[in-house]
1. Of the conditions (1) part of a helix (DSSP H, G or I); (2) open to solvent by 20 Å² or more (accessible area, probe 1.4 Å); (3) β-branched (Val, Ile, Thr), residue 76 fails just one. Which one is it?
2. Quick check: is even one residue across the stretch 272-280 of a type in the set (S, T, N, Q) and open to solvent by 10 Å² or more (accessible area, probe 1.4 Å)?
3. For residues in the stretch 266-281 being more than 13 Å from the ligand (Cβ to nearest atom) and in contact with a helix residue (DSSP H, G or I) (Cβ under 6 Å, 6 or more places away or on another chain), which is nearest to residue 223 (Cα to Cα)?
4. If we keep just the residues of the stretch 392-428 that are among the charged types (D, E, K, R), more than 16 Å from the ligand (Cβ to nearest atom) and not in a loop (DSSP other than H, G, I, E, B), which is surrounded by the most Cβ atoms within 10 Å (Cβ to Cβ)?
5. Filtering the stretch 298-321 down to residues that are without any contact (Cβ under 8 Å) to a residue 60 or more places away in the chain and over 16 Å from the mean Cα position of the chain (by Cα), which residue is nearest to residue 403 (Cα to Cα)?
6. So which of 91, 127, 118 ends up being within 16 Å of the ligand (Cβ to nearest atom) and touching a residue at least 12 places away in the same chain (Cβ under 8 Å)?
7. Kindly provide the set of residues from the stretch 158-178 that are surrounded by fewer than 21 Cβ atoms within 10 Å (Cβ to Cβ) and out of contact with any Phe, Trp or Tyr (no Cβ under 8 Å at 6 or more places or on another chain), ordered by number.
8. Return yes or no: is residue 284 open to solvent by 10 Å² or more (accessible area, probe 1.4 Å), within 21 Å of residue 141 (Cβ to Cβ), touching a residue at least 60 places away in the same chain (Cβ under 8 Å) and within 16 Å of the ligand (Cβ to nearest atom)?
Amino acid sequence: MRYISTRGAAPVLTFGEAMMTGLARDGGLYVPEAVQQFSRAEFAALAGRPYEEIAFAVMKPFMGDTFTDDEFRGLIQTAYQGFGHPARAPLKQLAPNHFLLELFHGPTLAFKDFAMQLIGQMMQASLSRSGQRITIVGATSGDTGSAAIEAFRGLANVDVFILYPHGRVSLVQRRQMTCPSESNVHALAMDGDFDACQARVKDMFNDFAFRDGVRLAGVNSINWARVLAQVVYYVSSALSLGAPHRAVSFTVPTGNFGDIFAGHIARAMGLPIEKLVIATNQNDILDRALRTGGYETDGVKPSISPSMDIQVSSNFERALFDAYDRDGAAVAALMAELKSGGFRISQGALQKLRDEFASGRCSEAETLATIKWTLAATGELLCPHGAVGVKVAEEHLGQTPMITLATAHPAKFPDAVETATGLRPALPRHMADLYERPERVTRVPDDLAALQTLIRERIAL
Ligand SMILES: *Cc1c(COP(=O)(O)O)cnc(C)c1O
């Protein structure tokens with residue numbers, strides 16, 4: 001299988017190359033040239049199988065000969081063995097036709113672990129084969145950074161630099177990034193919001209001399225391998241509720257559009273998904289774009305679901321590419337317009353997006369209220385991101401079973417959960433000393449040249 005850029009002007013790559021490359025050289029994102037179709041019988045054969053087996057079957061057709069079957073099976077086993085639940089992504093029932101997909105049993109308690117743990121294994125396997133070293137630079141609103149550091153700390157051929165917005169991540173998120181003691185881990189607290197962090201990372205990828213000089217690799221959700229790893233739990237949860245013989249719907253708390261785009265891929269593979277609902281917090285650019293056709297940024301408003309405090313939703317470019325009939329030049333033109341604040345989606349593309357996605361937003365007060373009533377009604381303690389999903393899902397319930405993605409553990413956002421319920425969720429036992437460990441972090445300005453100098457100096461050590 002070959003991978004092409006959403007802007008149509010970058011080299012066509014294999015899966016392994018696309019994973020190592022991250023952002024395409026024309027500024028676009030890699031997508032498969034064609035999505036592998038599964039028959040009903042192929043889906044049906046996976047029902048009731050272990051998560052790891054479903055993961056192998058779903059991902060392997062997208063990967064060409066990057067790994068042998070045995071090698072890839074081994075990488076999957078290692079990636080998920082540290083998860084604190086044998087189902088990996090268990091379903092809980094909230095109401096007669098509403099289910100919660102718990103994606104927070106990985107080592108950093110957020111769904112990012114599903115992709116990051118596997119990418120860590122896959123990158124290490126290909127680097128040890130080639131003997132090369134890479135420098136990973138990522139931007140995070142909190143959870144990507146902690147998941148990346150957890151997946152890459154101590155790996156021999158990798159340095160990992162994570163830029164997070166200073167003062168805007170939760171204490172648990174911050175400590176998961178600043179407490180690991182391995183010398184290949186570099187937590188950078190940047191003055192600015194998440195969009196600024198993400199913009200500096202994109203700048204580094206677009207500076208080809210720097211990019212090639214430090215052998216830059218990306219693990220943000222622009223990396224196709226992350227999207228692919230997330231397709232697996234759409235399939236596993238749908239099978240648990242009767243797919244492929246009956247359809248299911250999903251509601252996905254959304255920031256960078258990576259997680260919900262994985263649902264779009266699952267549907268393109270033939271999984272019967274009726275509704276795919278985008279749930280946003282008060283940073284509702286995606287909900288507004290679908291309602292009005294205008295994709296217009298208007299500044300990030302910090303919220304109690306900080307991992308979704310995003311205005312420039314990078315993976316939305318992948319959805320636009322499909323909605324514009326895979327016209328890379330049209331996508332490149334929209335992205336150029338976005339630099340000056342926004343663009344209008346064409347009528348035809350908007351219709352396609354509306355056929356594929358529904359949407360809704362959830363205010364801060366509604367998020368707290370949802371955490372409160374869900375606990376009272378079901379005993380389930382939601383994190384604020386999951387609560388955004390549950391609130392929006394409630395507005396889209398119908399005949400088809402609804403699966404809402406619970407993207408983080410409540411203990412990752414204890415202040416909001418305590419405000420809503422009076423209960424302070426405890427960290428799982430293996431992390432209980434997180435608040436006592438020493439921190440290691442460098443405060444950095446929102447300045448590309450200064451960041452590049454710091455990275456060059458650190459990897460020269
Ligand atoms: C990253 C994150 C999201 C948003 O996921 P996207 O793939 O960026 O849409 C939602 N909830 C939590 C807890 C996250 O960490």
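1. (2)
2. Looking for residues that are of a type in the set (S, T, N, Q) and open to solvent by 10 Å² or more (accessible area, probe 1.4 Å), one finds none in the stretch 272-280, hence no.
3. Taking the stretch 266-281 first, the residues more than 13 Å from the ligand (Cβ to nearest atom) are 266-275.
Subsequent filtering for residues that are in contact with a helix residue (DSSP H, G or I) (Cβ under 6 Å, 6 or more places away or on another chain) retains 266, 271, 273.
Numbers: 266: 17, 271: 23, 273: 24 Å.
Going through the qualifying residues, I end up with 266.
4. Keep residues of the stretch 392-428 that are among the charged types (D, E, K, R), which gives 394-395, 412, 415, 418, 424.
If we keep only those that are more than 16 Å from the ligand (Cβ to nearest atom) too, we end up with 394-395, 418, 424.
So of that shortlist, the ones also not in a loop (DSSP other than H, G, I, E, B) come out as 394, 418.
Working: 394: 19, 418: 14.
It comes out as 394.
5. Among residues in the stretch 298-321 that are without any contact (Cβ under 8 Å) to a residue 60 or more places away in the chain and over 16 Å from the mean Cα position of the chain (by Cα), the one nearest to residue 403 (Cα to Cα) is 301.
6. Values: 91 fails: within 16 Å of the ligand (Cβ to nearest atom); 127 fails: within 16 Å of the ligand (Cβ to nearest atom).
Only one candidate qualifies: 118.
7. Listed by number, the residues that qualify are 166, 167.
8. Numbers: open to solvent by 10 Å² or more (accessible area, probe 1.4 Å): yes; within 21 Å of residue 141 (Cβ to Cβ): yes; touching a residue at least 60 places away in the same chain (Cβ under 8 Å): yes; within 16 Å of the ligand (Cβ to nearest atom): yes.
For residue 284, the condition - open to solvent by 10 Å² or more (accessible area, probe 1.4 Å), within 21 Å of residue 141 (Cβ to Cβ), touching a residue at least 60 places away in the same chain (Cβ under 8 Å) and within 16 Å of the ligand (Cβ to nearest atom) - is met.
The values are calculated or read from the model by the stated rules, or taken from the named source; none is laboratory data. These figures come from a predicted structure and were not determined experimentally. Quick reminder, even Gly has a Cβ in these numbers, built from the backbone with ideal geometry, and neighbours come from all protein chains shown. In case anyone asks, the SASA skips ligands and DNA or RNA and just uses the protein heavy atoms, side chains included. Shrake-Rupley method; radii C 1.70, N 1.55, O 1.52, S 1.80 Å.
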